[in-house]
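Right, one structure below, let's go through it.
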Amino acid sequence: MRNIAMIAYTTLSTDSRVIREALAAKEADFNVDLYTLNERNRINLDRMNIIYTENMQYKGKNKFKFVLGYISFFFFCFFKISKNYLNKRYKIIHVNNMPNFFVFCCIIPKLLGAKIILDIHDLIPEVYAQKFNISLHHLFIKFLYLEERISGNVADAVISTNRLHSKRFISNKIRKNDFPIILNAADEKIFKSLNNRNFLAKEIIIIYPTTIAKHLGIDILIDAMVILKRRNVKVKLKIFGDGEYRETAIKLIDRKRLNDYIKFSDGFVSLSYLAHEYNKAHIGIFPASKGYSNNIAMPNKIHEYFIKNLCVVASNTEIIKEYFSNNVILFEAGDHEDLADKLYMLIQDRGLMKRYAQKGHEYYIKHPWSKYKKRYINLLNELANTKV
């Protein structure tokens with residue numbers, strides 16, 4: 001029996017990376033049990049067994065409730081997976097961070113022979129150092145480095161999302177021969193290419209699907225829209241998502257009288273709905289500010305923009321320059337005036353907009369999900385066939 005368990009503390013219907021890997025495991029003839037959070041919009045994945053908790057993801061600001069959510073999910077997975085292992089004998093348990101310590105949910109199956117994958121989407125020390133504006137040498141951050149190191153060394157394999165993350169794992173003394181890079185490439189089965197986009201439309205639509213957090217540049221984007229409004233260009237920004245900065249952003253938009261220029265969704269939307277909205281847009285944007293985490297975190301939305309043939313405007317963080325410097329229009333991170341100038345330049349020069357859309361699409365052609373899916377399936381087969 002080729003059974004695999006996957007653990008993901010996430011809202012599954014909007015998490016394209018977890019969905020891609022679960023479908024890839026199914027394609028590789030694994031029976032998949034996916035343990036995840038409850039949600040209103042439950043989805044079906046190719047007759048997959050999705051096991052939901054009773055609780056939804058906590059999105060408030062109460063730190064105690066936030067931590068309690070992690071702990072509750074940890075024990076849910078610990079007891080469920082330990083019990084189900086007796087019947088299913090999982091070959092592999094794939095743990096998606098955050099956090100990393102979820103690898104200990106499956107310590108009993110590991111002791112009995114299961115192989116553990118830790119898929120590190122986000123570097124937790126850098127995420128929290130940036131979130132709380134503290135040094136990487138702070139005692140709390142040192143503890144998070146230790147949590148990552150121990151969790152990574154308990155796992156049999158550690159998946160990375162990009163080259164910069166892999167270098168960081170080595171510096172944190174995670175002892176692995178290599179860190180398979182599974183790029184956040186967009187799945188062509190969900191996001192189908194659109195090659196006949198009308199870049200000559202009277203009104204240009206900018207799209208940004210994201211967690212609505214200040215460090216991801218929502219405030220910078222709003223200030224840039226103020227400048228575009230003054231320049232009297234026909235443009236609309238559509239933001240799809242939810243997060244702790246949402247209410248603040250809505251008030252900011254109202255105060256700056258941008259309600260005719262910026263539209264928010266009611267919350268996160270499904271991937272199929274988002275794919276449809278991409279078809280109406282012209283520019284995909286990534287306005288994140290510079291910071292410990294943002295500098296080296298691979299944004300999966302850029303890959304979705306590329307596959308949908310959108311022109312991409314992105315801040316010049318280290319990761320963007322490392323991977324996409326020739327495929328996107330770069331602006332100075334944190335500079336809303338430079339962002340406005342770059343957007344205005346594209347609105348005035350539709351030929352340039354179209355050329356950069358083509359450049360992005362050429363990147364996708366060289367880096368489709370099928371390439372990384374094969375790498376992931378090879379890893380699963382290698383671990384499944386490893387003798388204890």
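Just so it is clear, none of the values below were taken in a lab; they were calculated from the coordinates. For clarity, every value in this text was computed on a predicted model and none was experimentally measured. As a convention, Cβ positions derive from the backbone with ideal geometry for all residues, glycine included, and neighbour counts pool all protein chains shown.
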How tilted is helix 139-154 with respect to the longest principal axis of the chain? Cα atoms for both, answer in degrees (0 to 90, nearest 10). 50
Of all the Cα-Cα pairs you can form in the range 274-329, what percent are over 19 Å apart? 25
For the range 207-330, what mean projected area does the convex hull of the alpha carbons give, in nm²? 7.4
Isotropically averaged projected area of the chain, using the convex hull of Cα atoms (one quarter of hull area), nm²: 18.3
Using a Förster distance of 25 angstrom, determine the FRET efficiency expected from the C-beta separation of Ile170 and Val67, and round it to 0.05. 0.30
Within-9-Å neighbourhood charge of Lys234 [Cβ basis; K, R +1; D, E -1]: +1
Positive-end residue, the chain charge dipole about Cα centroid, Cβ charges, pick of Leu112, Phe199, Ile124: Leu112
Counting only backbone N atoms under 11 Å from a point 7 Å out along Cα-to-Cβ of Leu146, the residues of the range 92-126 in range are none
What value, in deg cm²/dmol to 500, does the helix sum -39500 (n - 2.57) over DSSP H runs of n ≥ 4 give at 222 nm once divided by the residues of the chain? -13500 deg cm²/dmol
With only alpha-carbon pairs counted, each pair once and no self-pairs, how large is the Kirkwood hydrodynamic radius of the range 183-247 in angstroms? 14.2
Between 0 and 90°, nearest 10: helix 63-88 axis offset from the chain longest Cα axis: 50
Could you work out how far apart the two model spin labels at Lys83 and Ser135 are, taking each label as a point 7 Å from the Cα in the direction of the beta carbon, and quote it in nm? 4.8
Would the range 145-226 count as rounded, prolate or oblate if I go by the C-alpha gyration tensor, calling it rounded below 1.5 in a/c and otherwise prolate when a/b exceeds b/c, oblate otherwise? oblate
Treating the angle as unsigned and between 0 and 90°, give the value, to the nearest 10°, between the Cα long axis of helix 350-366 and the longest Cα principal axis of the chain. 10
Given a cut-off of under 8 Å on Cα pairs at least six residues apart, what relative contact order in percent is computed for the chain? 15
Amide H neighbours of Leu194 under 5 Å, at least 5 residues apart or on other chains, H built in the peptide plane: list them. Asn309
Grab the eigenvalues of the alpha-carbon gyration tensor for the range 1-63, scale each by 5, take roots, and send me the semi-axes largest first in whole angstrom. 24, 11, 10
Ranking request for peptides 78-88, 169-179: highest mean number of other beta-carbon atoms within 10 Å first, then the rest in descending order. 78-88, 169-179
In whole Å, how far is the Cα centre of the range 226-286 from that of the range 323-382? 20
Summing +1 for each Lys or Arg and -1 for each Asp or Glu, what net charge is found among the other residues whose Cβ lies under 14 Å from the Cβ of Ala314? -1
Histogram of C-alpha separations across the range 25-136, 10 Å bin width, %: 12, 39, 35, 13, 2
Compactness summary of the range 243-287: radius of gyration and Dmax from Cα atoms, Å, are 12.3, 33
Defining a contact as two alpha carbons under 8 Å apart and six or more residues distant in sequence, what relative contact order in percent does the range 204-366 show? 25
Set the bar at 20 Å for Cα to Cα. Now go through Lys65/Lys110; Lys189/Lys308; Lys131/Lys229 and name every pair that lies beyond it. Lys65/Lys110; Lys131/Lys229
How big is the dipole moment of the range 204-366 about its Cα centre under a simple scheme where the beta carbon of each Lys and Arg is +1, that of each Asp and Glu is -1, and everything else is neutral? Debye, nearest 20, please. 580
Could you sort 235-246, 33-44 so that the peptide with the highest average Cβ count within 10 Å comes first and the rest follow in order? 235-246, 33-44
For Asn55 and Ile108, what is the calculated FRET efficiency with R₀ set at 30 Å and r taken between the beta-carbons, to the nearest 0.05? 0.85
By per-residue mean of other Cβ atoms within 10 Å, what is the highest-first order of 286-297, 141-152? 286-297, 141-152
